[in-house]
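For reference, the structure is listed below as structure tokens.
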Amino acid sequence: MWFIRFIILLLFFIPPISLAKNKIIYFEPKITELSGAIAILTVPGPPNYLSIKDGDEAETGAYLVLKKPVDVKLVSKVQMSNDEPESNISIIQLVLENDKDWKKMENGNHVHISGTLFHAMWAHHHTRVLLDAKKIQVTSKEKIVNNKVFLHEVYSKF
């Protein structure tokens, strides 16, 4: 069931593949700025990371869904942990450090985020590339009602 919802979210937020080259961004230690829509997803966790229905723990996380895929490259002459180049990244798991940032994570919110990218290392990392978010600005709020998107004004300034 979770997998079907995940695919539907991806299809809704990701446009068809274009012929243009992807934007190139870089892994840590370089600070990266990205914009996209927030998706809150629940995926299977321990012990098997396969099925919540069959007894795996549920892991809920925030993900940034990009409008266009990006390619992630290594910073020249810098090898951090297990970073390796990745292509066609369209969804990135977010690493949030405080409750203030979690309050900004609502399905459909459009955000501008800066932070550092790193490659997935553990089973709790559910995308190939993750973003350690340092600054998050909500640019618009959306509500999805009956597959229609309604924009709401953002009242606070970041």
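Where a number appears in this text, it was derived from the coordinates with a stated rule and is not lab data. Predicted, not measured: the structure shown is a model, and the values here were computed from it. All Cβ positions, even for glycine, are placed from backbone atoms using ideal geometry, and neighbour counts span all protein chains on display.
Taking amide hydrogens as modeled 1.01 Å from N in the peptide plane, which residues meet the under 5 Å criterion relative to T127, leaving out close sequence neighbours?
Those lying under 5 Å, H to H, from T127 are Q93.
For a protection proxy built on the mean count of beta-carbon atoms within 10 angstrom, sort 26-36, 98-108, 47-57, 129-139 highest first, please.
Ranked by mean Cβ neighbours within 10 Å, highest first: 129-139, 26-36, 98-108, 47-57.
Can you run phi through the Karplus equation (6.51, -1.76, 1.60; θ = phi - 60°) for region 32-43 and list ³J(HN,Hα) in whole Hz, with x for Gly and Pro?
Along region 32-43, the couplings run 10, 10, 9, 10, x, 10, 7, 10, 9, 10, 10, 10 Hz.
Can you check what the net charge comes to around K135, using other residues whose Cβ is under 13 Å from the Cβ of K135 (Lys, Arg +1; Asp, Glu -1)?
-1
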